[in-house]
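Working notes, beginning with the structure itself.
The values are calculated or read from the model by the stated rules, or taken from the named source; none is laboratory data. Note that the structure is predicted; figures quoted are calculated from it, not measured. Here the Cβ positions follow ideal geometry from the backbone for every residue, glycine too, while neighbour counts run over all protein chains shown.
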Amino acid sequence: MHSQANLLVVACDKRLGADPVSLLMAITSPHRLVELLAGWRTAGVGQERLAAAIRSLILDGRIAVQSRLPAERVLAASLGISRATVTAAYNQLRDEGYLTSRQGSGSWVTLPGGHRSAPDAIVGGPGLDMRIAALPAPHAIAELFAASAPELPRWLDHHGYDPLGLPPLRERIADRFSRRGLPTRPEQILVTNGALQALDLTLRALVRPGHAALVEIPSYPAALDALHAAGVFPHPVPLGEDGWHMRTVQAVTGGRRPTLAYLMPDFHNPTGLLIGGASRRRALAALHRAGVYAVIDESFVELNLDGGAMPPPAALYGDARTITIGSLSKSVWGGLRIGWARADAELIHRLASVRAAVDLAGPVFEQIVAVHAIERLDEIVAERREMVRTRRTTLTAALNERLPTWTFPWPSGGLFVWAQLPEPISTSLAIQAREHDLQLTPGPRFGAAGLLERHLRLPFTLAPEQLEHAVAILAQLAPTIQSGAVDETRASYVA
């Protein structure tokens, strides 16, 4: 059955307690904990039921690591149970490694140590690969390359290095933005090798190790990796059905102000959420007041599968510190490696200067192909949407039939289902699936090790028969995995 998964997920870095504003954010109030514990009174001993419910919330990411739980007396009064029951439950969680006590400051959430990491694997591997949310090349790809070949000679008397990108391609990208309601000039465009390089160049140009960044939780793993590699300290902001949690955005931007924010408002990866115009306006206004650079990732903006009205581009509410990144990887083909950054012209030249120390420029022929691809983009995207809708139907129907206890928000766009599992077994399931030649990216990869264990991202990019086979494997494995097994496999799963 279709249902809205709980997207309110917060993950906190171990350094969180050093920052007063972050510390305030990391306190789980009695009222909030009572809300999260709704339905915990099932069969069994009261203290064990309560401990199990809190443990599940920690592993699901709904109680943040390094957050402080309510005092035993306060929680007991809020739940209407004896203090002895809460004390016994807290003691059990301490024994298991999920709580630690600090003199004079109460009980704090931790994760047990000594966990085995899942095997590192980015690409490759036999069988069905559901780690990469990207489609095979469209039917028109050969025509695009053939049409581009006669145009190559006009560029051969040039040295081939253009850090900003070929002028015709920058013109087409700028025109595409303008047609969407965001007036753009070619000098506001930098062509990159994919959207991820656009983010990398932005980080190189704007942040230094030790700077802070506002990020969504859950978020795109490769972006989180890029922030980590840049030495940036993340401030997580939870997502809800209406968009970013504005009280958290305001707390972050009003306290230890981040240098940069990384946001994905258009068919968010991995939740598929499309954030409305009102939330975009409020968030960008808060970032503007705080002087924060806003990086808007539009990688999936063209994949509106149900034809609903799209909100205005988020950059329309931004200022000169707003950078929009995107690519042709999802709408056309990842093999082209064509992406871009759109920003104020002065900032674009700043990014181009940084690029000179990275790879100088992108390949010329692929940029010529990209010109033709954008000229035919409406036609290509229409074909892609039809293909993706069919595969979405296949995957969701198979999940509903074979795994009816798994829930997920209906993906009105993008390329994936963000499934919520009845038990925190995501990493264990991914490890077991590899033995059956099914490659998956479990929930913790989208946040932090040990969190989001109740979630699994499932792209609907494979052929229908492959998607049905993948779900059959999951349906076979899921009932055999004990939720306690995650204690041995919680660490990061790279994929």
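Structural remarks
- Residue in the stretch 385-398 that is more than 27 Å from the chain's Cα centre (by Cα) and either part of a helix (DSSP H, G or I) or over 14 Å from TYR161 (Cα atoms) (or both) present: no
- Any hit, the stretch 340-355, residues being part of a loop (DSSP other than H, G, I, E, B) and surrounded by fewer than 15 Cβ atoms within 10 Å (Cβ to Cβ): no
- Answer residue from the stretch 430-482, given it is assigned to a loop (DSSP other than H, G, I, E, B) and small (Gly, Ala, Ser) and is surrounded by the fewest Cβ atoms within 10 Å (Cβ to Cβ) among those: ALA463
- Options ASP306, ASP359: the member that is out of contact with any helix residue (DSSP H, G or I) (no Cβ under 6 Å at 6 or more places or on another chain), at pLDDT below 95, over 19 Å from ARG176 (Cβ atoms) and surrounded by fewer than 24 Cβ atoms within 10 Å (Cβ to Cβ): ASP359
Per-residue answers, yes or no, for (1) within 20 Å of GLY339 (Cβ to Cβ); (2) of a type in the set (S, T, N, Q); (3) at pLDDT below 95; (4) touching a Ser or Thr at 6+ places or on another chain (Cβ under 7 Å):
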position	(1), (2), (3), (4)
ILE374	yes, no, no, no
THR393	no, yes, no, no
TRP406	no, no, no, no
PHE416	yes, no, no, no
PRO424	no, no, yes, yes
ALA433	no, no, no, no
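- Residue pairs whose Cβ atoms lie under 6 Å apart, separated by 6 or more positions or on different chains, with the first residue in the stretch 225-236 and more than 13 Å from GLY447 (Cα to Cα) and the second among the acidic types (Asp, Glu), are ALA226/ASP200.
- Residue in the stretch 331-350 that is of a type outside the set (A, V, I, L, M), in contact with a Lys or Arg (Cβ under 9 Å, 6 or more places away or on another chain) and within 22 Å of LEU135 (Cα to Cα) present: yes
- All of VAL252, VAL237, VAL215, VAL191 fail the test of being more than 26 Å from ILE173 (Cα to Cα) and either in contact with a Lys or Arg (Cβ under 9 Å, 6 or more places away or on another chain) or in a helix (DSSP H, G or I) (or both), apart from VAL252.
- Selected residue [under 26 Å from TRP418 (Cβ atoms) and either at pLDDT 95 or above or assigned by TED's automatic domain parsing to the domain that holds PRO444 (or both)] from ALA205, ALA195: ALA195
- Of all residues making up the stretch 312-330, the number that are of a type in the set (Phe, Trp, Tyr) and assigned to a loop (DSSP other than H, G, I, E, B): 0
- When ILE368 is tested against (1) of a type in the set (Val, Ile, Thr); (2) assigned to a helix (DSSP H, G or I); (3) under 30 Å from PRO442 (Cβ atoms), exactly one condition is not met: (3).
- A search for C-beta distances below 6 Å between a residue of the stretch 354-374 that is farther than 19 Å from ASP200 by Cβ and any residue that is small (Gly, Ala, Ser) and assigned to a helix (DSSP H, G or I), counting only pairs 6+ apart in sequence or on different chains, returns ILE368/SER148; VAL369/SER148; HIS372/ALA147; HIS372/SER148.
- Restricting ARG94, ARG15 to those that are of a type in the set (Lys, Arg), at pLDDT below 65 and not in a loop (DSSP other than H, G, I, E, B) reduces the list to ARG15.
- Residues of the stretch 130-145 that are assigned to a helix (DSSP H, G or I), aliphatic (A, V, I, L, M) and farther than 11 Å from ILE368 by Cα: ILE141, ALA142.
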